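Data first, discussion second: the structure below is written as C-alpha cells.
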Amino acid sequence: KFYEKIGLSYSMNARNEVTALDSLYNINEPQYLTEKLKNGIKHTIPLNTSIKMFNYFSLTPSFNYSELWYLKTINKNWSDTSNSVYTDTLTGFARGNSYNMAANLTTNLYGMYSFKSKKIKALRHVITPSVGLSYVPENNSGLRSYTDSSNTTYEYSIFQDGIYGTTHATEAGFLNLGLLQNFEMKVRNKKDTVNPISKITLIDNLGLSTNYNMLADSFNWSNISLTARTSILKKINLNFNGSVDPYTLDTNGTRVNKSHYSQ
C-alpha cells in the first residue's frame with residue numbers, strides 16, 4: 001500500500017551553552033555568564049515517501065517543517081545622536097518556523113566489463129544519477145526592520161544571534177542535480193575454495209552535486225561539491241571532498257556573476 005511507505009518522524013534538540021574567558025568569570029558576579037548564555041530548542045518534523053515509477057525510477061517527495069524556540073531575541077534601532085544602529089537584547093519567549101518541500105527522482109545504471117585474466121574477473125560500475133526540485137517559500141517569521149537617517153530601510157532577524165540561527169526568509173526554488181558512482185572489481189581468490197570469487201571496492205560513492213536557484217537574481221548556481229570514499233586493505237578508510245566555485249573573480253578578487261568559461 002502507498003500509505004505504508006509514508007515516513008513521519010519528530011526530533012527535538014535543545015542546547016544551553018556559554019562561551020567566555022575563565023579569567024573574566026567571577027563566582028560572585030554570575031550575571032556575566034548569564035549575559036553570555038545562549039539557549040534554544042529546535043523542532044524538526046520530516047515527512048517523506050517513495051514511489052516506484054516505470055520499474056526503473058524512484059520518486060521521493062518530502063515535506064520538512066522546523067520550528068525554533070528562543071528565550072532571547074534582539075531589537076535594532078537607529079540612533080540619530082550617534083548616527084549608528086544600536087542593538088538591544090530582549091528577554092522573553094519567541095518562536096519562528098519555516099518549511100520546505102522537495103521531490104527527487106533517481107535511478108541506477110549498471111555496467112560490467114569482463115576480463116580474460118586469471119586473477120581479475122570483472123570490473124563493475126554503478127551510476128546513480130538524480131534530479132530534483134525543491135521549494136522554500138518566503139517567510140517573514142522573525143523579520144523586523146529599521147530606517148536610518150537617509151530613509152534607507154534595513155531588514156534583520158530577531159533570531160540573528162540564536163544558537164540555531166534564523167529561519168529561512170528568502171523565497172527559493174532549486175533544481176538539484178547529483179551523480180553518484182561506485183567502482184568494484186571481482187577477483188579470483190585461490191585460498192577460498194567455498195567462495196572463489198571475491199569483491200574488492202575500488203571507489204565507493206564518488207559523488208558530484210550542485211543546484212540551481214531559479215528564483216535568485218544572480219549567482220544562481222551553488223558550488224559544485226565533490227566527494228569520494230575508498231578503503232585500503234579493508235583497514236584504512238580514506239575520504240576525499242572538495243568544492244568548485246563556478247563563478248570567476250575580478251582583478252580585485254571579488255566574486256562576480258560570470259562563469260569561468262565566459263572569460
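Of the solvent-accessible surface of the stretch 125-248, computed with a 1.4 Å probe over protein heavy atoms with every protein chain present, carbon and sulfur atoms account for 54 percent.
Placing +1 on each Lys and Arg Cβ and -1 on each Asp and Glu Cβ, with no other charges, gives the chain a dipole about its Cα centre of roughly 2560 debye.
Skip the ligands, DNA and RNA, and give the accessible area per residue of the chain with a 1.4 Å probe, whole Å².
On the way: 18540 Å² over 263 residues.
Counting only protein heavy atoms, the per-residue value for the chain is 71 Å².
Think of the stretch 152-205 as a dipole: +1 on every Lys or Arg Cβ, -1 on every Asp or Glu Cβ, centred on the Cα centre; then among Ala172, Gln160, Phe183, Phe183 lies furthest on the positive end.
Report the rotationally averaged projected area of the chain based on its alpha-carbon convex hull, in square nanometres. It would help to have the intermediate numbers written out before the result.
Values: hull surface 103.3 nm².
With every direction weighted equally, the projected area is 25.8 nm².
Working from Cα pairs under 8 Å separated by at least six residues, relative contact order for the chain is 12 percent.
Pairwise Cα distances in the stretch 126-223 exceed 20 Å in 66 percent of cases.
Compute, for the stretch 92-174, the length of the dipole vector about the Cα centre, with Cβ point charges of +1 (Lys, Arg) and -1 (Asp, Glu) only. Units Debye, rounded to 20. Working shown, then result.
Numbers: 7 positive and 5 negative charges, 264 e Å.
With only Lys, Arg, Asp and Glu charged at Cβ, the dipole is about 1260 debye.
Summarised in one figure, the compactness ratio Rg/Rh of the stretch 78-175, Cα atoms and Kirkwood Rh, is 1.38. Please identify, among Pro196, Pro246, Pro137, the residue showing maximal mean-square fluctuation in a Gaussian network model of the chain using a 10 angstrom Cα cutoff. Comparing Pro196, Pro246, Pro137 in a Gaussian network model of the chain, the most mobile one is Pro196. Partner lysines whose Cα lies under 26 Å from the Cα of Lys76, excluding those fewer than 8 positions away in the same chain, are identified as Lys36, Lys38, Lys42. Listed by chain and number, the lysines whose C-alpha is less than 21 Å from the C-alpha of Lys118, apart from same-chain residues fewer than 8 away, are Lys186, Lys190, Lys191, Lys199. In the chain, if the dipole is taken from +1 on Lys/Arg beta carbons and -1 on Asp/Glu beta carbons about the Cα centre, which of Pro137, Met12, Tyr70 is farthest to the positive end? The listed residue farthest towards the positive side: Met12.
Multiply the residue gap between Thr91 and Thr19 by 0.36 nm, knock off their C-alpha separation, and tell me the result in nm, one decimal place. Write down the numbers at each step before the final one.
Numbers: separation 72, 0.36 × 72 = 25.92 nm, distance 1.89 nm.
Here the segment from Thr91 to Thr19 would lengthen by 24.0 nm.
State the volume of the convex hull built on the alpha-carbon positions of the stretch 1-150, expressed per residue in Å³ and rounded to an integer.
Working: hull volume 46.3 nm³, N = 150.
Taking the convex hull of the Cα positions in the stretch 1-150, it is 308 Å³ per residue.
The values are calculated or read from the model by the stated rules, or taken from the named source; none is laboratory data. Predicted model only: the values in this text are computed from it and were never measured. Positions of Cβ are backbone-derived with ideal geometry, glycine not excepted, and every protein chain shown enters the neighbour counts. We work out accessible area using only protein heavy atoms, side chains counted, and drop any ligands, DNA or RNA first. Shrake-Rupley method; radii C 1.70, N 1.55, O 1.52, S 1.80 Å.
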